[in-house]
Amino acid sequence: MNRLLPQFRPSRLRATSFALALSFTSALHAGKPTINDGAVRIGSNENPFGFSPKALEKMKAALDAGNYYNHNDIGDMVAACAVKEGVKESYILPTPGSGPVLMMTAWAYAKPGVNVVTSAMGYTQLTRAFVEHGGDVKFAPLNAKMGYDFKALGAAIDVKTVIVYICNPNNPTGVLADPAELKKFVMSVPENILVFVDEAYLELADSGLAVNTAAPLVKLRKNLIVSRTFSKGYAMAGLRAGYGIANPEVLEKLKLFYAGGPSYLAAIAASESLKDTAHLDENRAKYKEVRDYVCKEFDKMGIKYASPQGAFIYFRSGMKDKELVAKLKSKNILISGSRESGVPEGAYGDWARVSIGTKEEIDLFLGEMNKILGKT
Ligand SMILES: Cc1ncc(COP(=O)(O)O)c(C=O)c1O
């Protein structure tokens, strides 16, 4: 850390449902995207409910300090993250979003003749970079409920395996792993193999982060990285803050590829967001409310879906995903097909992923879905 970061101080559908949405007392501050295209953005797992207003105030107050590097703010963020995770500051690597942690890991470990083991459907940022840098990917099947089959994952490990990548809750399925099974699996992987647990959406799970996170295991297992982002639960996707949690010896390997931390403004917002636990709770409640609502509507429409615990729902429309995505796009509603969501070619071609939006956005989506599928 010191070598590279010397500055660190260690509706349309149903009026009733819309009224219900309004009944949720909201102190959430939600901005609008800078692109003014009027699109309903429910394809990229962005948080429509907004980030902490306290974080916004702190950033506003610090805006005119932009002529300085202000590395002290990243130091403060690292300190706050270390307290939250119950680890020493040397276990935290701050990054602009969590994507860089995934990329650095791929770059540090990939080479011809080694592989990363992961599940058949999953977020592709790490695995794709791993392949681009000469490594292979081995996919293990999911269980019947589209959740992790840890037995199958373990069985896929071979002498060439250097990383096991798990995303929890998984993207695009949204399924959350059983915390005891996950922890048992992490500890059972041979010690020479790095386990990477991507917890980008974990704050949004109904049961919350604390009972589900694998982060405390970094004190028991050296070869483990847990990544976190402020993009999802904390609604700061454009601001770019995230971090990796791991033993400093593991982080040293990643730091060869380190290109810098978040901007001071993102770091200030991150530190403030961590303090504003009420705001995060409110965001989680909003997600639950809309997730449950979509599931109920899908049930009525006879649409099958995987049990969702993240910022999105993976569902079976029965129509080719590309066709569905295009039809919705023609109505300015953006969702994501199976391919863009990390599902291998040939599988789940009639499934797609819709991100959780506001109730109004979701009602527009459901209204169009009803028309497209001939349900109304
Ligand atoms: C599972 C998962 N991990 C990591 C990321 C990276 O996001 P960010 O770089 O904004 O933290 C994403 C983005 O959508 C994601 O879905």
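The values are calculated or read from the model by the stated rules, or taken from the named source; none is laboratory data. Just so we're clear, the structure is a prediction, and the values are computed from it rather than from any experiment. Note that each Cβ is placed from the backbone with ideal geometry, even for glycine, and that neighbours are counted across all protein chains shown.
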Practice prompt. Kindly indicate whether VAL211 is of a type in the set (Val, Ile, Thr), surrounded by fewer than 24 Cβ atoms within 10 Å (Cβ to Cβ), away from the ligand (no atom under 15 Å from the Cβ) and assigned to a strand (DSSP E or B).
Written response: no
Item to complete: Kindly list the number of the only condition in (1) part of a helix (DSSP H, G or I); (2) more than 17 Å from the chain's Cα centre (by Cα); (3) within 16 Å of the ligand (Cβ to nearest atom) that fails for THR127.
Response: (2)
Worksheet item: What single numbered condition from (1) surrounded by 19 or more Cβ atoms within 10 Å (Cβ to Cβ); (2) part of a loop (DSSP other than H, G, I, E, B) fails to hold for ASN67?
Response: (1)
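Specify which of the listed residues (ALA65, ALA108, ALA82, ALA55) is aliphatic (A, V, I, L, M) and over 29 Å from ALA214 (Cα atoms).
On the way: ALA108 fails: over 29 Å from ALA214 (Cα atoms); ALA82 fails: over 29 Å from ALA214 (Cα atoms); ALA55 fails: over 29 Å from ALA214 (Cα atoms).
Among ALA65, ALA108, ALA82, ALA55, only ALA65 is aliphatic (A, V, I, L, M) and over 29 Å from ALA214 (Cα atoms).
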Worksheet item: Does the range 311-324 contain at least one residue that is out of contact with any strand residue (DSSP E or B) (no Cβ under 7 Å at 6 or more places or on another chain) and buried (at least 19 other Cβ atoms within 10 Å of the Cβ)?
Response: no
Discussion item. Can you find, within the range 43-55, the residue that is farthest from the chain's Cα centre (by Cα) among those that are outside any loop (DSSP other than H, G, I, E, B) and surrounded by 16 or more Cβ atoms within 10 Å (Cβ to Cβ)?
Written reply: LYS54
Discussion item. Six or more apart or on different chains, Cβ atoms under 9 Å: show the pairs whose first residue is in the range 255-277 and within 15 Å of ILE92 (Cα to Cα) and whose second is assigned to a loop (DSSP other than H, G, I, E, B) and among the polar types (S, T, N, Q).
Written reply: ALA267/ASN70
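Within the range 302-311, can one find any residue that is hydroxyl-bearing (Ser, Thr, Tyr) and modelled with pLDDT under 95?
No, the range 302-311 contains no residue that is hydroxyl-bearing (Ser, Thr, Tyr) and modelled with pLDDT under 95.
Please find, among ALA266, ALA177, ALA235, ALA270, the residue that is buried (at least 18 other Cβ atoms within 10 Å of the Cβ), within 12 Å of the ligand (Cβ to nearest atom), hydrophobic (A, V, I, L, M, F, W, C) and not in a helix (DSSP H, G or I). Talk me through it step by step, then tell me what you get.
Details: ALA266 fails: not in a helix (DSSP H, G or I); ALA177 fails: within 12 Å of the ligand (Cβ to nearest atom); ALA270 fails: not in a helix (DSSP H, G or I).
Matching residue, one of ALA266, ALA177, ALA235, ALA270: ALA235.
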Discussion item. Criterion first (part of a helix (DSSP H, G or I) and at pLDDT below 95) does GLU340 satisfy it?
Written reply: yes
Practice prompt. Say whether the condition of being within 26 Å of GLU361 (Cα to Cα) and surrounded by fewer than 22 Cβ atoms within 10 Å (Cβ to Cβ) is met by at least one residue in the range 238-246.
Written response: yes
Item to complete: State the number of residues belonging to the range 159-199 that are farther than 23 Å from ALA311 by Cβ and in contact with a strand residue (DSSP E or B) (Cβ under 7 Å, 6 or more places away or on another chain).
Response: 10
